[in-house]
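Presented below is the structure to which this report refers.
The values are calculated or read from the model by the stated rules, or taken from the named source; none is laboratory data. Computed from a predicted model, the values in this text were never measured in an experiment. A quick note on method: Cβ atoms are made from the backbone with ideal geometry, for glycine too, and the neighbour counts reach across all protein chains shown. What goes into the accessible areas is simple: the full protein's heavy atoms, side chains included, and nothing from ligands, DNA or RNA. Shrake-Rupley method; radii C 1.70, N 1.55, O 1.52, S 1.80 Å.
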Amino acid sequence: MAQAAAHHSHDHDHGHHDPQELKMLGFWIFLVTDVILFSTLFATFVVLRNNTAGGPGGAELFNMTGVIIETFLLLTSSFTSGLAVLAMNKGSMKGLISWLIVTAILGLGFIGFEVYEFVEMVHEGANFGTSAFLSAFFTLVGTHGLHVSLGLVWMIGLMFQLKKRGLTPETKGKVSALSLYWHFLDAVWIFLLTVVYLMGVM
């Protein structure tokens, strides 16, 4: 009888899954699908980058000063998101919130410069339908910008959650996932900088 109860208990433990672990697994699956998405968009851009239809190419359109500022803002925001996680691990709610606010401000600055870049290009007559090159450009860079924007919404919502609930295993897991997502977007931007902008002006 006792042996059967122990066996039942063992089966129960074996079947038990930590909800936080399952959430992180789901998040990793989401990241893998994002890698596939961006890989497809990068491949499409590389194939179409010379199809300018007689219109302007990257060398004529890209404002590298703005791109360098965008890169600085996003790289710095990746660093500050790491500092937010360090503050969380030390149990400092004030430090965590402060570094998340700094990260959000830097992220908003990045989006602001990117929107300005798009508006300038459209004013110069370089829009989504001008050529296959520009269609691929706006799709790839715009998709990354959309991901950054969604990350900012997530970040702001998480700050409110932290204020309300404090540091719990659940909120800590969300901060860790957000930081990982932010670093991923940073890595994608490095590829964007190289493949789209640097190779585009050469």
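See the values below:
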quantity: Average accessible surface area per residue within segment 61-195, 1.4 Å rolling probe, Å²; calculated: 45 Å²
quantity: Alpha-carbon radius of gyration plus Dmax, which is the widest Cα pair, for the chain in Å; calculated: 21.6, 83
quantity: Added length on full extension, which subtracts the Cα-Cα distance from 0.36 nm per residue, SER98 to ILE190; calculated: 30.5 nm
quantity: Carbon and sulfur %, accessible surface of the chain computed with the full protein complex present, 1.4 Å; calculated: 70 percent
quantity: Computed E for HIS183/HIS123 - FRET, C-beta separation, R0 30 angstrom, nearest 0.05; calculated: 0.35
